[in-house]
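Q: Quick one: this structure, given as structure tokens, is what I'll be asking you about.
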4 protein chains.
Amino acid sequence: MRVASEQIEFRSDVTVELVRHSASDADVLFAARVSTQGEQTLEAASSGVEASERDRGLINYLMRDRHGSPFEHNSLTFYVQAPIFVFREFMRHRIASYNEESGRYRELRPVFYVPGPERKLVQVGKPGAYEFEDGTPEQTALVHDEVVAVCTQAYESYQRMLEAGVAREVARAVLPVTLYSSMYVTMNARSLMNFLSLRTKREGTHFPSFPQREIEMVAEKMEDLWKPLMPMTADTFDQNGRVAP
Amino acid sequence: MRVASEQIEFRSDVTVELVRHSASDADVLFAARVSTQGEQTLEAASSGVEASERDRGLINYLMRDRHGSPFEHNSLTFYVQAPIFVFREFMRHRIASYNEESGRYRELRPVFYVPGPERKLVQVGKPGAYEFEDGTPEQTALVHDEVVAVCTQAYESYQRMLEAGVAREVARAVLPVTLYSSMYVTMNARSLMNFLSLRTKREGTHFPSFPQREIEMVAEKMEDLWKPLMPMTADTFDQNGRVAP
Amino acid sequence: MRVASEQIEFRSDVTVELVRHSASDADVLFAARVSTQGEQTLEAASSGVEASERDRGLINYLMRDRHGSPFEHNSLTFYVQAPIFVFREFMRHRIASYNEESGRYRELRPVFYVPGPERKLVQVGKPGAYEFEDGTPEQTALVHDEVVAVCTQAYESYQRMLEAGVAREVARAVLPVTLYSSMYVTMNARSLMNFLSLRTKREGTHFPSFPQREIEMVAEKMEDLWKPLMPMTADTFDQNGRVAP
Amino acid sequence: MRVASEQIEFRSDVTVELVRHSASDADVLFAARVSTQGEQTLEAASSGVEASERDRGLINYLMRDRHGSPFEHNSLTFYVQAPIFVFREFMRHRIASYNEESGRYRELRPVFYVPGPERKLVQVGKPGAYEFEDGTPEQTALVHDEVVAVCTQAYESYQRMLEAGVAREVARAVLPVTLYSSMYVTMNARSLMNFLSLRTKREGTHFPSFPQREIEMVAEKMEDLWKPLMPMTADTFDQNGRVAP
């Protein structure tokens, strides 16, 4: 066995780091004012002037009337660690750039997501409007034990195949979707707001959305990192029902 | 146990069906001729005229000089059944529309991909230019047995959690990436050619590409279904090094 | 003079024709049901079953909760004739495929848009919420005469340069943005609904939108051609505030 | 007359400024190494390490084998001033973000592009492979005089309509496509390379391309601004036939 089962790690969190960004409320304003003022914009753009309170009205107007393009001239790169089943949902968002850890090019590490004690486990209601309730202690224990057991068996199996000389891309077939992966993702604020509108259900949301809790955990961390960079944009997003422009 | 382990199905193939299409060489020609001839195009477009051999030159010119947009005015919808690890690669292609079976909305069926005897199992060479060789009989047997054992255990675990009232989206965490899924995917011919250029290594390919065999199996089936619909486009794609325009 | 000024044509309309389509409410349903039902979908998809009234609820649910992807597995190709200033706005919509008449490859025909008598000419109110009012008879006559005079002079100038052997791509520089052009555009219903939500202000629209009248004329014709193909989708779009899913 | 005809400006250049950027060869490497190395990448990413000569091989490999996604985690915002006929071609590039000066929201300024003496005016050869030759002195003078005359008449007409209370969006109909406009455009390096591959014909280009000279002038300036930011990427782009990955 190349990895002893005690080396297998189980976690109940996701991590998001902001690797690089070029994003500010001022950029939104400069882009918007190209439409209405033309060339004088550039001097202001290069002078590093910050957005002021009297600019809030323009940002609110752009958000409310869905003039979305001024929110695109910026860029945020996140490094995300989360289980594969989260990345499967994440990558359905097509207005973004991705590079994910590859099971073809490297041996995948034995780190698995197991739902933590606060994860609501029981789904009630009807399709499209499911609510979640706490699991009983027995359900919580069952989920923990099943995930640990299956992942341990699967990872040991993966290791046996690698040891026998089987290609990584073949051996990984047995690994469960709760395996952690990691990726770089780059988005602009408009695309991020669309992501947040669908993958969180924070207060004030105009349209209903029922994200799986684990992708919502990622989305909340992304939002918390983005908000201080573009506070007026984030505020007006909230105030307009969290509908992406 | 809601599903006895003998009910679990193992397959070594992928399936692709062409559900709907609106795609022909004539459409490419009509679109291209809007640029050069303007209004008279439409009469021809609605008369159902087929592309003739003397049109081949124009299609070849569009392909060679990468005038890509005339290849976009068409649509192909495929229904694909393949393991999750194939869909993970597939959905990195962003110029396409997807609807995939959801593990949140339905109980996933116990069908798993296991590499067949002809699947080359051993990877040699260096990253970026791996070659694959046949596995030994021992390796082939090992892979089969490991995949069957882990998938069976995982699916039984999934069933135990569902029986205990755990939500589908939680219980599915234990399922391996070799589980079959199914999806609708809609693409135009330009996007399809880009997909084929990266996911097949058929003869005549100008740029090197090293797709995983399982997504190549899907790509080959898609190509075989597409070719008769747009034979001149497919031919000139081959003759120009299989570089998408 | 290669074209006598009396050959110059002035029009006050736009034209939209539906060249090809593969679009139905049933396609939306099949795609949505892949998520929840998996494989049985395909048999129904190929049997040509139409959407029934009891399917309306599912389409309404998809629209309301912004499950947009099922509305993408279809395709509509329009042939549009409109002035250049309309195409300039149209092509800002990036989820679409375009082929437009080229002033580099062909001599442009002398057809110009001139606002008709019903075009409201006077803009009142403030930026972002302009209203339009009828022009006076003097204003209407002025606009007509100015457009006719400038376009005639410009087209004669274009002709003089072509006659002198100047390249088409250079000579066209003098042509006004009210010159007619023509294009093929292919979109799916989701992208079309986004276009309609921003380029029409029909009754019931949830978010305010202030399209220029001429692109709205194009959008209305596109909507009228699309509606009979996907009546349930079009109805639920209206009933949900004309917000694209 | 609100603007005397002597105030009308004629120029023969285009301008491009780099407003903001977050782009380096190091970013390409970090993104690529997520695939092969996973988490250790981030420490390096945040330490500001520059790409070294031994990294060139990896960038060249990504370029040659068309692993395009690592070239997307960056962002360049340009401010471009060029005639409308250039922007018409530019905005056909859909993987980019645009905000352009609006003739609906502001009075357009009287600045027009007129071909300079070095602009080749005569097109020879056949469609798809046109070559351009110098104009005779008579042709050069004719083009200059025609453009000046038509633009002056058109702008005076625009002014007369505005003075009479006609809405800007209506009055602008008479303005020629050689009118200058300005825009913000944000792209990543992958999309920029695709733009350059189609809109320049610099030495070493693998696929033929026949851009109109004026958009090529814009593209060359963009390339010159981008090259020092990502020198290895720019070099390997050149060395691989200027085919975008």
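The values are calculated or read from the model by the stated rules, or taken from the named source; none is laboratory data. Since the structure is predicted, the reported quantities are computational estimates derived from the model, not experimental observations. As a convention, Cβ positions derive from the backbone with ideal geometry for all residues, glycine included, and neighbour counts pool all protein chains shown.
Q: From the list B:89, B:100, which residue is in contact with a helix residue (DSSP H, G or I) (Cβ under 6 Å, 6 or more places away or on another chain) and charged (D, E, K, R)?
A: B:89
Q: For the structure I just gave you, tell me whether residue B:88 is assigned to a loop (DSSP other than H, G, I, E, B) and either basic (Lys, Arg) or facing another protein chain (nearest Cβ under 8 Å) (or both).
A: no
Q: Out of everything in region B:58-90 that is free of Cβ contacts under 8 Å to residues at least 60 places away in the same chain and surrounded by 19 or more Cβ atoms within 10 Å (Cβ to Cβ), what residue ends up being nearest to residue B:220 (Cα to Cα)?
A: Out of the qualifying residues, it is B:70.
Q: With the checklist (1) at the interface with another protein chain (Cβ under 8 Å from one of its Cβ atoms); (2) under 18 Å from residue B:88 (Cα atoms); (3) surrounded by 19 or more Cβ atoms within 10 Å (Cβ to Cβ) in hand, flag the one item residue A:157 doesn't pass.
A: (2) is the only condition that residue A:157 fails.
Q: Which residues, counting only those in region C:209-232, are touching a Lys or Arg at 6+ places or on another chain (Cβ under 9 Å), assigned to a helix (DSSP H, G or I) and of a type outside the set (A, V, I, L, M, F, W, C)?
A: Correct list: C:213, C:214, C:216, C:220, C:223.
Q: Same structure again: Does region B:182-190 include one or more residues that are assigned to a loop (DSSP other than H, G, I, E, B) and at pLDDT 95 or above?
A: Yes.
Q: Continuing with the same structure: Among the numbered criteria (1) more than 26 Å from residue B:22 (Cα to Cα); (2) modelled with pLDDT under 95; (3) of a type in the set (Gly, Ala, Ser), which single criterion is violated by residue B:165?
A: Among (1) more than 26 Å from residue B:22 (Cα to Cα); (2) modelled with pLDDT under 95; (3) of a type in the set (Gly, Ala, Ser), residue B:165 violates only (2).
Q: Out of A:108, A:142, report the one residue that is in a loop (DSSP other than H, G, I, E, B), within 30 Å of residue A:161 (Cβ to Cβ) and among the aliphatic types (A, V, I, L, M).
A: Of A:108, A:142, the one residue that is in a loop (DSSP other than H, G, I, E, B), within 30 Å of residue A:161 (Cβ to Cβ) and among the aliphatic types (A, V, I, L, M) is A:108.
Q: If you don't mind, another one. Provide a single number: the residues in region A:56-73 that are at the interface with another protein chain (Cβ under 7 Å from one of its Cβ atoms) and either at pLDDT 95 or above or at positive phi (or both).
A: 5
Q: Of all residues in region B:182-220 being under 30 Å from residue C:68 (Cα atoms) and of a type in the set (Lys, Arg), which is farthest from the other protein chains (Cβ to nearest Cβ)?
A: The extreme case among them is B:199.
Q: Return only the number of the condition from (1) part of a helix (DSSP H, G or I); (2) over 30 Å from residue C:75 (Cβ atoms) that residue B:203 does not satisfy.
A: Failing condition for residue B:203: (1).
Q: Going by the structure shown, is residue C:52 surrounded by fewer than 16 Cβ atoms within 10 Å (Cβ to Cβ), within 14 Å of chain B (Cβ to nearest Cβ) and modelled with pLDDT under 95?
A: no
Q: From the set of residues in region A:1-17 that are of a type outside the set (S, T, N, Q) and modelled with pLDDT under 80, which is surrounded by the fewest Cβ atoms within 10 Å (Cβ to Cβ)?
A: A:6
Q: Tell me, yes or no, whether region B:92-112 has at least one residue that is over 30 Å from residue B:24 (Cα atoms), buried (at least 17 other Cβ atoms within 10 Å of the Cβ) and away from chain C (no Cβ under 14 Å).
A: yes
Q: Within region B:166-206, take every residue that is farther than 20 Å from residue B:218 by Cα and of a type outside the set (D, E, K, R) and give me the one that is surrounded by the fewest Cβ atoms within 10 Å (Cβ to Cβ).
A: B:206
Q: Just the residues that are assigned to a helix (DSSP H, G or I), among the polar types (S, T, N, Q) and surrounded by fewer than 21 Cβ atoms within 10 Å (Cβ to Cβ), please, taken from region C:233-245.
A: C:239 - this is the single residue of region C:233-245 that is assigned to a helix (DSSP H, G or I), among the polar types (S, T, N, Q) and surrounded by fewer than 21 Cβ atoms within 10 Å (Cβ to Cβ).
Q: Of all residues being at the interface with chain D (Cβ under 7 Å from one of its Cβ atoms) and closer than 22 Å to residue C:8 by Cβ in region C:122-148, which is surrounded by the most Cβ atoms within 10 Å (Cβ to Cβ)? Just the residue, please.
A: By that ranking, first place goes to C:143.
Q: For region B:18-36, check the following and say yes or no: at least one residue is in a helix (DSSP H, G or I), surrounded by fewer than 21 Cβ atoms within 10 Å (Cβ to Cβ), at pLDDT 75 or above and at the interface with chain C (Cβ under 8 Å from one of its Cβ atoms).
A: Within region B:18-36, one or more residues are in a helix (DSSP H, G or I), surrounded by fewer than 21 Cβ atoms within 10 Å (Cβ to Cβ), at pLDDT 75 or above and at the interface with chain C (Cβ under 8 Å from one of its Cβ atoms).
Q: Just wondering, is there one or more residues in region B:112-127 that are hydrophobic (A, V, I, L, M, F, W, C) and within 21 Å of residue C:37 (Cβ to Cβ)?
A: Within region B:112-127 (the criterion being hydrophobic (A, V, I, L, M, F, W, C) and within 21 Å of residue C:37 (Cβ to Cβ)), the answer is yes, since at least one residue qualifies.
Q: Report, by residue number, each residue of region B:125-156 that is over 25 Å from the mean Cα position of the chain (by Cα) and more than 30 Å from residue B:174 (Cα to Cα).
A: The answer is B:125, B:126.
Q: Out of the residues in region B:147-181 meeting the condition of being part of a strand (DSSP E or B) and of a type in the set (Ser, Thr, Tyr), tell me which one is nearest to residue A:130 (Cα to Cα).
A: Among them, the one singled out is B:181.
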